[in-house]
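These notes concern the structure reproduced below.
A short reminder: the numbers here are calculations on the coordinates, not readings from a lab. Just so it is clear, the model here is predicted, and its values are computed rather than measured. Cβ: placed from backbone, ideal geometry, glycine included. Neighbour counts: every protein chain shown.
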Amino acid sequence: MFSLLLHPSPAQEDFLTADLWELGAAGISEEDEGIRAFFEASADARRLIDRLAGFRPELRQEADVDWARATRDAWPPLIVGERFYLVAPWSEQAAPPGRVRLEIEPGMACGTGRHPATQLCLEAMERFVRPRSRVVDIGTGSGILARAATLLGVAGVIACDIDPDAVEIARRTPLVAVFTGSADALRGNSADLIVANIDSAALEQLRDDLARVRKPDSVMILSGFPEDELPHGFPSREVLRKDGWACVIC
């Protein structure tokens, strides 16, 4: 058994975690210095180091450990905002009073709920999602924001992503229609609320389509970018900030 300590930027953490599971990691944990991935002794350490060279991997030999348990311990429940109790599916802990249990499989696709941008979106959604509203989730990734919308009692959620693998994962979310594609395929004047947790450049490219899809009195929640890289062309009502990341509310 061996481990690799990797040093991603905050924006890379979700993508790297998903990639590590695909590469056969037996367990993954978060540390102050980065993300540590554990592999069975039969794994090709040299190939993994070469594949992950951009994250400055540090190799360490490990004693035998129950890595499934170690992974579970590395993803404890997380309180987000005023309403959400974020847990992995294996957690048996009930949500505290007044909160809803939001389950997400760590590392299955971008969007584990641990990233500040995702948390900002969740905090904004609990303020601006209204019962019976129709929500569109652009760049849904794991489907965490679409799932959160269903827990808030909306009339319907449509989610999309250009990554077919992410779409297959997001389709496991009940009560959500998910397709491979982007905002250009959505019906105009149809969304009471749009949430998009993607980078500034992508949002600027989608600006006209987002304006077409939203209703005149709708709200847009936009995140996925550092606070010094706000997307242009989106007049904001409010900007939320957390750990160097921003969420624009339009």
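General remarks:
- Relative contact order of the chain, defined on C-alpha pairs under 8 angstrom at six or more residues apart (%): 14 percent
- Simple label model, 7 Å out from Cα along Cβ direction - residue 201 to residue 29, nm: 3.6 nm
- Long-range HN-HN contacts of residue 178 with modeled amide H, under 5 Å: 159
- Helix 13-22 and the longest principal axis of the Cα set of the chain meet at an angle near 60°.
- The HN-Hα couplings worked out from phi for region 26-33 by the Karplus form 6.51 cos²θ - 1.76 cosθ + 1.60 (θ = phi - 60°) are 7, x, 9, 9, 9, 10, 4, 8 Hz, whole numbers, x standing for Gly and Pro.
- Two-site FRET efficiency, residue 209 against residue 229, from Cβ-Cβ distance with R₀ of 25 Å, rounded to 0.05: 0.75
- Euclidean distance between Cα centres, region 197-250 to region 92-165, Å: 17 Å
- Cβ-placed point charges (K, R +1; D, E -1), dipole of the chain about Cα centre in debye, nearest 20: 1080 debye
- Among 173, 118, 140: highest mean-square fluctuation, GNM of the chain, C-alpha pairs under 10 Å: 173
- Distance between the modelled labels on residue 132 and residue 217, one decimal in nanometres: 1.2 nm (7 Å Cα→Cβ projection).
- Taking 1.306 mPa s as the viscosity and 10 °C as the temperature, the Stokes-Einstein diffusion coefficient of the chain based on its alpha-carbon Kirkwood radius rounds to 84 µm²/s.
- Extension gain from residue 49 to residue 180, taking 0.36 nm per residue of separation minus the Cα-Cα distance: 43.9 nm
- Residue exposure proxy: 133, 9, ordered by other Cβ atoms within 10 angstrom of their Cβ from fewest to most, comes out as 9, 133.
- Simple spin-label estimate for residue 168 and residue 189 in nanometres, 7 Å along Cα-Cβ: 3.9 nm
- In order along region 38-51, phi translates into HN-Hα couplings of 10, 10, 5, 4, 6, 5, 7, 4, 5, 5, 5, 4, 5, 5 Hz, rounded to whole numbers, per the Karplus curve 6.51 cos²θ - 1.76 cosθ + 1.60 with θ = phi - 60° and x for Gly and Pro.
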